[in-house]
Amino acid sequence: MHLDPFELHRPTSVDETVRLAGELAGRFDYLAGGTDLLPNYKMHINLRPHLVALEDVGELAGHSEGRLGAMCRLADLERDRDLAATWPALGEAVAEVATPLVRASGTVGGNLLVETRCFFFNQSYFWRASLGFCLKADGDRCHVVPQKETCYATFSGDLAPALLVADAEVEVAGAGGRRRMPLGELYDLAGDGIRRVRLAPGELLVAVHLPAAARGRQGRYLKLRVRPAYDFPELGVAVAGRWQPDGRVRELRLAVGGAEPHPRRFDELTAPLDGERLDDARRRELGEEVARRVRPVHNTFLLPDYRRKMIAVYVRRALADAEARAAG
Ligand SMILES: Cc1cc2nc3c(=O)[nH]c(=O)nc-3n(C[C@H](O)[C@H](O)[C@H](O)COP(=O)(O)OP(=O)(O)OC[C@H]3O[C@@H](n4cnc5c(N)ncnc54)[C@H](O)[C@@H]3O)c2cc1C
Ligand code: SF4
């Protein structure tokens with residue numbers, strides 16, 4: 001496998017980046033840490049002739065308790081113990097991404113916009129060619145659900161569920177200026193594994209904002225994967241909430257990633273629990289209801305039935321752990 005030639009651009013400001021994006025419309029990708037994009041390029045997946053490197057755009061760098069620059073490296077977040085104390089699920093999710101080497105280069109923006117994955121997609125050009133390719137790259141059918149013209153590739157980023165339960169917002173910049181939206185609105189729940197985010201062509205992710213009102217919630221992130229030192233999530237469950245001394249829970253949030261083409265939060269199930277004490281039966285009930293609503297397909301290593309059963313188990317465990325931590 002080799003990298004085909006491309007032209008590299010190195011803008012130094014958000015305005016210059018957005019301008020370049022307009023000039024190169026449809027012919028470029030943004031390059032952050034490159035840990036997802038470049039392996040895909042080596043497999044000749046959706047190549048573009050131009051790459052716009054974000055490394056020199058100063059505004060995208062760095063992080064504070066309330067703001068994560070899009071180019072903030074995961075290893076820098078992992079080292080920040082105060083951040084992990086304030087946002088427990090985020091601290092755990094960051095430390096679970098890939099390997100230390102990947103985290104040294106991988107960024108927050110790249111993680112939120114990581115390409116969706118599928119057993120039939122993350123393969124070499126020749127492997128894919130032998131099957132006649134697929135909808136997501138170079139082909140016209142899906143090998144997972146052949147009767148549909150939809151892509152079921154799985155969103156496999158670890159940070160998104162943890163940031164969803166922190167009520168995070170994303171700031172993006174494009175030809176139409178800047179805008180902010182809840183992270184949940186970045187992902188297109190009506191889309192599929194190809195049309196997975198609600199960004200206009202060329203729109204740049206600038207930063208993630210963590211609201212002060214959500215600080216100090218207790219939380220937990222649990223990840224299911226085959227090789228614990230290395231693999232993408234086959235499932236990621238994040239929870240956050242405030243447990244009062246009498247055991248009643250407030251502001252409960254629950255999000256699932258690694259199971260469908262987009263990560264998602266389950267406010268319709270958690271909002272009615274506000275002010276309740278969650279015993280084991282209630283946690284089990286909630287976990288089973290979440291599992292009923294999530295539909296993994298057979299496009300990753302573990303079987304969908306198993307992943308779905310593990311949703312119920314992980315929801316129950318994550319809630320119990322978070323409550324135990326809150327109780328000190
Ligand atoms: C061996 C291996 C294991 C991995 N395991 C995991 C894992 O367990 N969990 C996990 O979450 N990920 C995993 N990854 C995927 C990846 O390394 C991480 O998700 C990483 O955070 C991606 O960040 P990056 O900066 O390298 O993204 P890049 O590869 O640079 O970019 C990813 C995508 O996002 C776009 N993009 C990046 N930044 C911006 C921006 N600011 N605005 C607009 N678009 C942008 C790029 O154009 C590209 O499409 C793994 C990768 C490898 C190689
Ligand atoms: S789900 Fe189907 S269309 Fe999507 S990547 Fe897999 S095989 Fe291709």
- Query: Got a sec? Which of Ala160, Ala166 is part of a loop (DSSP other than H, G, I, E, B), on the phi < 0 side of the Ramachandran plot, among the hydrophobic types (A, V, I, L, M, F, W, C) and surrounded by 23 or more Cβ atoms within 10 Å (Cβ to Cβ)?
  - Reply: Ala166
- Task: Kindly provide the set of residues from segment 141-151 that are free of Cβ contacts under 8 Å to residues at least 12 places away in the same chain and within 16 Å of ligand 1 (Cβ to nearest atom), ordered by number.
- Result: none
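Scanning segment 218-276 for residues that are of a type in the set (Lys, Arg) and more than 28 Å from Val297 (Cβ to Cβ), which turns out farthest from the chain's Cα centre (by Cα)? I'd like the intermediate steps shown before the answer.
Here is the first cut: in segment 218-276, the residues of a type in the set (Lys, Arg) are 220, 223, 225, 227, 242, 248, 250, 253, 264-265.
So of that shortlist, the ones also more than 28 Å from Val297 (Cβ to Cβ) come out as 242, 248, 250.
On the way: Arg242: 24, Arg248: 30, Arg250: 25 Å.
Ranking the qualifying residues of segment 218-276, first place goes to Arg248.
Quick one: is Glu65 more than 8 Å from ligand 1 (Cβ to nearest atom), outside any helix (DSSP H, G or I) and either touching a helix residue (DSSP H, G or I) at 6+ places or on another chain (Cβ under 9 Å) or free of Cβ contacts under 8 Å to residues at least 60 places away in the same chain (or both)? Please lay out each step first, then the result.
Details: more than 8 Å from ligand 1 (Cβ to nearest atom): yes; outside any helix (DSSP H, G or I): yes; either touching a helix residue (DSSP H, G or I) at 6+ places or on another chain (Cβ under 9 Å) or free of Cβ contacts under 8 Å to residues at least 60 places away in the same chain (or both): yes.
Taking the combined requirement at face value, the residue satisfies it.
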- Task: Identify all residues within segment 176-188 that are in contact with a helix residue (DSSP H, G or I) (Cβ under 9 Å, 6 or more places away or on another chain) and either closer than 20 Å to Val94 by Cβ or within 14 Å of ligand 1 (Cβ to nearest atom) (or both); write none if there are none.
- Result: Arg178, Leu183, Gly184, Leu186, Tyr187
- Note on the structure: The one condition Gly191 fails out of (1) farther than 30 Å from Pro11 by Cα; (2) away from ligand 2 (no atom under 16 Å from the Cβ) is (2)
- Within segment 212-256, how many residues turn out to be over 12 Å from Thr270 (Cβ atoms), surrounded by fewer than 19 Cβ atoms within 10 Å (Cβ to Cβ), basic (Lys, Arg) and out of contact with any helix residue (DSSP H, G or I) (no Cβ under 6 Å at 6 or more places or on another chain)? 3
- By residue number, the members of segment 143-157 that are crowded, with 19+ Cβ neighbours inside 10 Å and either in a strand (DSSP E or B) or among the aliphatic types (A, V, I, L, M) (or both) are Val144, Ala153, Thr154
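In this structure, does Glu59 turn out to be farther than 23 Å from Thr116 by Cβ and at pLDDT below 95?
Details: farther than 23 Å from Thr116 by Cβ: yes; at pLDDT below 95: no.
No: the conditions fail for Glu59.
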- Residue pairs meeting the criteria (Cβ under 9 Å; at least 6 apart or on separate chains; first at negative phi, in segment 127-140; second buried (at least 16 other Cβ atoms within 10 Å of the Cβ) and part of a helix (DSSP H, G or I)): Cys134/Arg128; Ala137/Asn40; Ala137/Arg128; Gly139/Arg128
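Sort out which residues of segment 189-205 are near ligand 1 (Cβ under 10 Å from one of its atoms) and either under 15 Å from the mean Cα position of the chain (by Cα) or surrounded by fewer than 21 Cβ atoms within 10 Å (Cβ to Cβ) (or both), and write them in order of number. Even if it seems obvious, please write down each step before you answer.
Of the residues in segment 189-205, the ones near ligand 1 (Cβ under 10 Å from one of its atoms) are 197, 199, 202-205.
Listed by number, the residues that qualify are Val197, Leu199, Glu203, Leu205.
Tell me yes or no: at least one residue of segment 91-110 is among the polar types (S, T, N, Q), within 13 Å of ligand 1 (Cβ to nearest atom) and within 15 Å of the chain's Cα centre (by Cα). Before the answer, list the steps.
Initially, segment 91-110 is screened for residues among the polar types (S, T, N, Q), giving 99, 105, 107.
Applying the additional criterion that residues be within 13 Å of ligand 1 (Cβ to nearest atom) yields 99, 105, 107.
With within 15 Å of the chain's Cα centre (by Cα) added as a condition, the list becomes 107.
Looking through segment 91-110, at least one residue is among the polar types (S, T, N, Q), within 13 Å of ligand 1 (Cβ to nearest atom) and within 15 Å of the chain's Cα centre (by Cα).
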- For His44, all conditions in the list (1) in contact with a helix residue (DSSP H, G or I) (Cβ under 9 Å, 6 or more places away or on another chain); (2) closer than 26 Å to Gly236 by Cα; (3) within 16 Å of ligand 2 (Cβ to nearest atom) hold save one; what is the number of the exception? (2)
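The values are calculated or read from the model by the stated rules, or taken from the named source; none is laboratory data. Given the structure is predicted, the values throughout are model-derived calculations rather than measurements. Cβ coordinates were reconstructed from backbone atoms using ideal geometry, including for glycine residues, and neighbour counts include every protein chain displayed.
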